[in-house]
Structures are given as C-alpha cells and as structure tokens.
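Worksheet for the structure shown next.
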Amino acid sequence: RRGKERVMVDVLSPTTPDQLRDAVGWALGSETPLEIIGSGSKRAYGHSVQTNAVLDCSKLSGILFYQPEELVISARAGTPLSDIKAALAEKNQQFHFEPGNFPALLDGASGSNAGTIGGLVACNLGGPRRIKVGSARDHVLGFEAVSGRAEDFKSGGRVMKNVTGFDLSKLMSGSFGTLGVMHTVTLKVMPNDETSATVIVACSDPRAAGKAMTLAMRSENEVSAAAWIAPEDAPHLDVPLAGEYGSGLVALRIEGPHPSVAWRADALCRALADFGECHEVPESHSHNIWRVVADVVPFAASENAGSILWRVSVPPASGGDICADLMEKTGGRTMMDWAGGRVWLQLSGSDAPDGMAGTIRDVVTSAGGQADLVRAPDDMRQSIAVFQPENPALARINARIKENFDPHGILNPGRIAPVSQNGEGV
C-alpha cells in the first residue's frame with residue numbers, strides 16, 4: 001500500500017535466460033519500467049525505483065560449475081550467497097574480497113537472507129580485505145546479461161586471460177542493475193589462509209588510530225585488514241583484554257603460514273607500542289573480530305532502529321582526521337575500516353531530519369572523498385541524493401553509457417538518482 005491506496009504490482013519471475021530476455025523485451029515493447037531484484041535484500045539501498053513492475057530474478061538460481069582446483073565458480077545471479085559460501089567452505093575456499101552481511105545494515109536481515117551473488121556483484125560489495133585484494137569487481141571473471149535493448153551480451157570467461165579489451169565486468173559491478181540484468185556470473189575464489197592473527201592496540205582517539213593504521217600498512221608486515229572500533233562499540237568484538245582497556249581499539253590482521261604470522265604479529269606489536277597497550281589476539285577470536293567488522297555489527301539495523309547510516313570513502317591516510325571531524329560536527333557514532341579508507345557514520349534520526357547531508361559532504365569532499373547514504377527513511381532517501389553527486393563531466397559520460405545499454409530507461413529507473421517529473425535522472 002501507499003497511504004490508503006492499494007497498488008497493484010506486476011511480478012515477472014523468469015526461470016531461464018531466454019525467459020529473462022523475453023521479460024525485458026515485453027517491458028521494452030510496452031514501455032514498462034522494471035525494478036530488478038534478486039532476494040530483495042538490498043531494496044532499501046539507493047532511491048526507490050519508480051515503477052510497479054518487478055523483475056524477480058530469484059528463480060534464476062543454482063551453481064553451474066565449481067572447479068576448486070582452478071579457483072573458479074560460476075552461478076546464476078539469483079543463487080543465494082549463503083549457498084555459494086557453503087560450497088566454498090567445503091573445499092576450504094572463500095571469496096577473497098570478504099563480503100559481509102550488508103542486508104543486516106538495511107533491515108536487520110539474518111544471515112539466511114544475506115542476498116544473492118548477482119546482487120553482490122551489482123552493488124560491488126567488499127569487506128575488510130578490500131585494502132589488499134579489491135572488491136567484488138576485481139574478482140569477476142565474466143558474466144552474461146540482457147541489456148535494456150532486450151539483447152544478450154556477455155564479457156570475460158572462466159580465466160583471467162579471457163578478459164581482454166574493455167572489461168565490461170568492471171562497468172556492470174556497481175551499476176545496480178541499471179545497465180543490464182545479469183543472469184550468470186563467474187568469479188575467482190581463493191584458498192583460506194593457513195592461519196591468521198589479529199593485533200589489537202588500545203586507542204580511543206580516531207586521529208591517532210588513523211596514524212597507527214597508516215604506519216602498519218606502510219610496514220613490511222603485509223597487513224590484510226585494519227579497522228578502528230570506538231570505545232562504546234569495542235565490546236562487540238568479544239575478545240580477551242578488550243574489556244580491560246575500556247577504550248577504542250585498532251585491529252590489524254595478518255594472514256599466512258604459522259611462522260610468518262607469528263613473526264609479523266610480534267613485529268607489529270613492537271612498532272605500535274607508542275600508540276597504546278598492544279596484544280596479539282588468539283586465532284579463535286580473530287575470526288570473530290573480522291566478522292564484526294565485515295558485517296558492521298555495531299550499526300546493524302536490528303539494534304539501531306530509526307537511525308541513519310552513512311558510508312564514507314576517503315584516502316586512507318586522511319581517514320582518522322575525517323572521522324574525528326565528522327564526530328565533532330555531527331555528534332554521530334563512527335567506525336573505520338580499510339585502514340581509514342572507509343568510515344561508517346551513524347546518526348540519530350530524530351537529531352538529523354535531513355541526514356546532515358550538506359555538513360557531511362562538505363567535510364568529505366574537502367578530502368577528495370565521497371559519502372553515500374546507506375540507511376534512512378524512505379522520504380529522506382527521495383529528498384536528498386543517496387549517492388555522492390557526480391561532477392558534470394563524469395555525469396555526461398555515465399549518461400552516454402546508460403543511453404547505449406538502456407536507451408529507454410526501463411532498468412531500475414531512479415535507483416541511482418531520483419527520476420524527475422520529466423522522466424530524467426536528477
């Protein structure tokens with residue numbers, strides 16, 4: 001319902017790539033815009049799509065092939081991410097870019113509805129290991145899709161050498177279904193590391209935390225993840241000694257063979273001793289720390305009903321200063337990941353009716369970064385730009401790309417930018 005009015009929704013549920021192409025062809029011929037969803041777990045991310053017709057890709061599901069020895073997996077886009085992670089776990093493998101449970105940030109969804117593999121790629125998600133190995137787009141070997149012209153197209157294959165010329169996988173990743181509807185994706189996977197350890201440093205000052213993470217990343221110790229958790233959120237980590245600190249914590253992860261990990265963890269503790277009390281956390285607790293960071297557990301929607309959540313991306317070396325500035329100017333709660341390159345900022349909805357978008361983006365753009373609104377009430381998501389506004393030159397390039405892939409604007413209209421009354425993105 002919208003208000004007291006009942007809204008009828010047409011749902012198209014293709015089960016094969018041919019049916020998917022036919023569905024897009026019908027929409028094109030009838031000039032009916034489509035909202036593209038998989039499980040629908042990320043529907044609340046971005047602007048509302050301006051249509052009552054839904055293209056549900058959840059039945060385009062199933063692992064097509066998985067070759068552990070070749071480190072490659074291919075699946076239909078609607079395959080639940082939990083199914084794929086379970087298959088990888090049986091072979092002691094993983095997605096190296098470490099996706100978290102993003103839907104939990106939006107509506108408190110449990111791990112059983114952590115989304116689909118297609119949604120993961122379409123939103124270009126990545127976790128704490130992003131600073132070392134990249135995000136989803138850096139691990140896509142190939143895909144098959146249907147464009148807004150109702151035409152089949154594909155890119156890449158099963159091995160990296162197949163990706164030649166213009167890599168469309170990079171373009172489709174992060175396009176939120178506005179350029180084409182993927183029905184098949186092929187990704188690179190990696191073995192789990194032999195062991196891992198986490199070094200934690202007591203540090204409540206985000207500026208000092210930023211410097212500590214920068215020092216760690218510039219060292220020879222090959223840190224694969226670096227995060228800062230504020231004092232009030234440190235208990236979420238549930239690690240020995242954390243409660244004794246009574247402070248915020250810098251967490252630094254090291255992975256690899258046992259002797260190497262032990263040597264590097266000791267070296268990090270010596271190098272960071274001036275920043276605060278420093279300890280190595282046992283491996284049994286290390287995994288939980290990075291699950292909390294990847295899932296952004298302190299800011300999960302189930303525990304923070306009505307709050308507003310921003311995701312800020314800045315150059316990592318400036319992350320500590322930006323984090324401190326945002327805390328001072330908004331009064332919000334923060335957490336840093338990616339060695340300061342990502343700052344999560346949560347605000348109380350009652351204290352920020354406009355999401356403080358102007359204040360936040362003034363701080364962030366001064367550092368050459370961007371700020372995206374991840375979670376907010378529907379009316380706020382329609383009244384302000386959810387994604388960082390593009391400069392005019394980039395906006396023109398993206399408009400031309402959109403025109404080539406979806407000239408009639410039938411795929412997820414308004415998802416990235418609201419649609420004005422004349423039908424154009426604003």
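Observations, loosely collected:
- Rg and Dmax over the alpha-carbon atoms of the chain stand at 21.8, 67 Å.
- Multiplying the residue separation of Leu64 and Thr359 by 0.36 nm and removing their Cα-Cα distance gives an extension gain of 101.5 nm.
- From helices alone, the chain scores -8500 deg cm²/dmol at 222 nm; the rule is -39500 (n - 2.57) for each run of n ≥ 4 DSSP H residues, then divide by the residue total.
- Ser204 long-range amide H proximity, modeled H, under 5 Å: Gly248
- Computed over the stretch 305-426: relative contact order in percent, which uses C-alpha pairs under 8 Å that are six or more apart: 25
- Approximate spin-label separation Arg400-Ser366, in nm, with each point projected 7 Å along Cα-to-Cβ: 3.5
- Segment Asp351-Ala393, extension gain: residue separation times 0.36 nm, minus the distance between their alpha carbons: 11.6 nm
- Most mobile listed residue (Ala273, Ala226, Ala300) in the chain, GNM with C-alpha springs under 10 Å: Ala273
- Remark: the chain carries 43 Å² of accessible area per residue (probe radius 1.4 Å; ligands, DNA and RNA excluded).
- A simple spin-label model places the labels of Glu232 and Glu151 5.3 nm from each other, with each point 7 Å out along Cα-to-Cβ.
- Stretch gain in nm, segment Arg218-Thr195, where the contour uses 0.36 nm per residue and the Cα spacing is subtracted: 6.1 nm
- FRET efficiency for the pair Lys170 and Glu277, taken as 1/(1 + (r/R0)^6) with r the Cβ-Cβ distance and R0 = 45 Å, rounds to 0.60.
- Non-local Lys pairs in the stretch 1-144, i.e. 8 or more apart or on different chains, that have alpha carbons under 23 Å apart: 5
- Three-way shape call for the stretch 174-327 based on the alpha-carbon gyration tensor, with the a/c threshold at 1.5: oblate
- Accessible surface of the stretch 296-426 [probe 1.4 Å, protein heavy atoms]: carbon and sulfur percent: 52
- Taking Cα atoms only, the orientation of helix 258-271 departs from the longest principal axis of the chain by about 70 degrees.
- Residues of type lysines that Lys170 reaches as a straight line, Cα spacing below 16 Å, ignoring anything fewer than 8 places off in the same chain: Lys154, Lys161, Lys188, Lys402
- Formal net charge of residues neighbouring Arg264 (Cβ-Cβ distance under 12 Å; K, R +1; D, E -1): -3
The values are calculated or read from the model by the stated rules, or taken from the named source; none is laboratory data. The structure displayed is predicted, hence computed values, not measured ones. With ideal geometry, Cβ positions are generated from the backbone for all residues, glycine too; neighbour counts draw on all protein chains shown. Surface accessibility is based on the protein's heavy atoms, side chains included, excluding ligands, DNA and RNA. Shrake-Rupley method; radii C 1.70, N 1.55, O 1.52, S 1.80 Å.
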